[in-house]
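**Q** One structure is given below, represented as structure tokens, and several questions about it will come after.
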Amino acid sequence: MKIAVVGYGGVGAAFIKLLKDQKEYINKEGIKIQVNYILNSRGGVYNPHGIDCEDVVNSFEKDITFNTIIKNKDVDLVVEVTPTNKETGQPGMTHIAKALENGMHVVTANKGPILLNYKGLNELAVKNNVELCIGCTTGGALPSINGGIMDLAGSNILSIEGVLNGTTNFILNEMEANGVDYSQALKKAQELGIAETNPTLDVEGWDTASKLLILTNVLMNQEKTLKDMNVEGITKITPEEIKDCIGENKKYKLVGKTTNENGNVKMSVKLEKLSKDHPLYNVDGKNKGVRYTSDPLGDLTIIGGASGVTPAAASILRDLINIHRGYKFSR
Ligand SMILES: NC(=O)c1ccc[n+]([C@@H]2O[C@H](COP(=O)([O-])OP(=O)(O)OC[C@H]3O[C@@H](n4cnc5c(N)ncnc54)[C@H](OP(=O)(O)O)[C@@H]3O)[C@@H](O)[C@H]2O)c1
């Protein structure tokens, strides 16, 4: 399979490294992956016979761009890992649409285009008989979206409930375990590299909201936007509230929830107290989890998956292998 990797930051570079580290497993699948392009925002590397991925850093040329890929049409699949832009979806929106229109499969980690126009992009994939895989957009290694697409096929998904953000989950656990206040717990998460220097998108609930919106639109066939959702974060939680919650034998979690009652779809992100019998009660630390209720397949809860750029890249490799195996994601 000949591929282009568009975006050579944390995830893109980890993906290229994985192709070497996981070579044995890739070979067992019977796929030969040949990387013809690696691009960043300033240019790229191109070799129609396959790039020597050991030494790309000094080989970027400014004339090699996404348009070169579209002009040459010499890859089967594009890995799109440019930054997420939730307002315009660009540059990923154009990359994904052009790749699909030109008969190339796309595997992406980029939430922007999927948030804004999954339906249109999926239609393009179907029309051009290629796959659009988005497994990395809703929790990276956690097989949340693909679990829903594959393992609830033919069932009516009635609700989606998720602890979808590892940073906020870590902060809440830290407050529970050590009795510290929110700002101390955030500081520790930043020192450990779990929270970003600017943690706003995580702690105010927007990362959870984005993932929930993708799950809702894709799995419940909706065309909702972030404006349709009530979103609250965790920044106002106090040590007293945490203590009271522990006293009730419960745990606070930032829960993204969608319910569909006879076509009335409601979405929210807010702190909830979960009791011990709730399937997401034990989703601790950086962990994530999602719970679906469906009819007639019943309840399905998926918990786990590692965090970070390498597991994110590994979830892209997983999608690529599943395309090779012949799974149909776009329908
Ligand atoms: N990091 C994670 O653990 C994780 C997990 C799940 C999903 N994601 C998603 O995966 C995507 C990539 O994340 P990341 O952490 O790798 O981001 P990143 O480190 O910021 O890397 C983004 C890369 O995209 C390149 N780029 C920007 N505009 C481009 C353009 N027009 N054409 C080609 N390349 C372009 C950048 O080039 P320059 O280097 O020249 O700026 C950079 O190499 C994001 O959408 C993110 O939301 C990340």
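**Q** Any idea which of I237, I246 is among the β-branched types (V, I, T), in a helix (DSSP H, G or I) and touching a residue at least 60 places away in the same chain (Cβ under 8 Å)?
**A** I246
**Q** Could you figure out which of (1) away from the ligand (no atom under 16 Å from the Cβ); (2) touching a strand residue (DSSP E or B) at 6+ places or on another chain (Cβ under 7 Å); (3) part of a loop (DSSP other than H, G, I, E, B) isn't true of M267?
**A** With (1) away from the ligand (no atom under 16 Å from the Cβ); (2) touching a strand residue (DSSP E or B) at 6+ places or on another chain (Cβ under 7 Å); (3) part of a loop (DSSP other than H, G, I, E, B) applied to M267, the lone miss is (3).
**Q** Additional query: Just checking, which of R331, R318 is out of contact with any helix residue (DSSP H, G or I) (no Cβ under 6 Å at 6 or more places or on another chain) and within 16 Å of the ligand (Cβ to nearest atom)?
**A** So the residue among R331, R318 that is out of contact with any helix residue (DSSP H, G or I) (no Cβ under 6 Å at 6 or more places or on another chain) and within 16 Å of the ligand (Cβ to nearest atom) is R318.
For every residue, the table says whether it meets (1) touching a Phe, Trp or Tyr at 6+ places or on another chain (Cβ under 8 Å); (2) aliphatic (A, V, I, L, M); (3) farther than 30 Å from I31 by Cβ.
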{"site": "L271", "(1), (2), (3)": "yes, yes, yes"}
{"site": "T293", "(1), (2), (3)": "no, no, yes"}
{"site": "L297", "(1), (2), (3)": "no, yes, yes"}
{"site": "I303", "(1), (2), (3)": "no, yes, no"}
{"site": "F329", "(1), (2), (3)": "no, no, no"}
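**Q** Using beta carbons and a limit of 7 Å, which pairs, at least six apart or on different chains, have the first residue in the stretch 29-42 and touching a residue at least 60 places away in the same chain (Cβ under 8 Å) and under 18 Å from V11 (Cα atoms) and the second one away from the ligand (no atom under 15 Å from the Cβ) and in a loop (DSSP other than H, G, I, E, B)?
**A** If the second residue must be away from the ligand (no atom under 15 Å from the Cβ) and in a loop (DSSP other than H, G, I, E, B), the pairs left are I33/M1.
**Q** To continue, here is another question. I'd like the full set of residues that are within 16 Å of the ligand (Cβ to nearest atom) and touching a Ser or Thr at 6+ places or on another chain (Cβ under 7 Å), limited to the stretch 290-313.
**A** Matches in the stretch 290-313: V290 only.
**Q** Scan the stretch 273-289 for residues that are of a type in the set (G, A, S) and either within 15 Å of the ligand (Cβ to nearest atom) or surrounded by fewer than 18 Cβ atoms within 10 Å (Cβ to Cβ) (or both) and jot them down.
**A** S275, G285, listed by residue number.
**Q** Taking the condition in contact with a strand residue (DSSP E or B) (Cβ under 9 Å, 6 or more places away or on another chain) and buried (at least 19 other Cβ atoms within 10 Å of the Cβ), does L215 pass?
**A** Yes: the conditions hold for L215.
**Q** Regarding G263, is this residue small (G, A, S) and over 30 Å from L77 (Cβ atoms)?
**A** Judged against the criteria, G263 is a match.
**Q** I've got another one for you. Among the residues of the stretch 289-326, which ones are in a loop (DSSP other than H, G, I, E, B) and either of a type in the set (D, E, K, R) or within 19 Å of the chain's Cα centre (by Cα) (or both)?
**A** D299, G304, G305, A306, S307, G308, R325
**Q** Select the helices (runs of 4 or more DSSP H) contained entirely in the stretch 1-117, then report the ones holding at least 2 residues which are surrounded by 15 or more Cβ atoms within 10 Å (Cβ to Cβ) and within 15 Å of the ligand (Cβ to nearest atom).
**A** Ranges flagged: 10-21, 66-72, 92-101.
**Q** Name the residue that is nearest to D244 (Cα to Cα), counting only residues in the stretch 175-195 that are part of a loop (DSSP other than H, G, I, E, B) and either over 24 Å from the mean Cα position of the chain (by Cα) or not assigned by TED's automatic domain parsing to the domain that holds L271 (or both).
**A** The residue in question is G179.
**Q** Condition first: exposed (fewer than 15 other Cβ atoms within 10 Å of the Cβ), of a type in the set (D, E) and modelled with pLDDT under 95. Can you find one or more residues in the stretch 255-267 that meet it?
**A** Yes, the stretch 255-267 has at least one match.
**Q** Still on this model: Taking D151 and the conditions (1) surrounded by fewer than 17 Cβ atoms within 10 Å (Cβ to Cβ); (2) free of Cβ contacts under 8 Å to residues at least 12 places away in the same chain, which numbered condition does it fall short on, given that it satisfies the others?
**A** (2)
**Q** Sort through K236, K250, K243 and tell me the only one that's within 30 Å of D295 (Cα to Cα) and either surrounded by 21 or more Cβ atoms within 10 Å (Cβ to Cβ) or basic (K, R) (or both).
**A** K250
**Q** Give me a count of the residues in the stretch 247-274 that are more than 15 Å from N169 (Cα to Cα) and among the aliphatic types (A, V, I, L, M).
**A** Total satisfying the criteria: 2.
The values are calculated or read from the model by the stated rules, or taken from the named source; none is laboratory data. Every value quoted in this text rests on a predicted model; they were computed, and no experiment measured them. Positions of Cβ are generated from backbone atoms using ideal geometry, with glycine treated the same way; all protein chains shown enter the neighbour counts.
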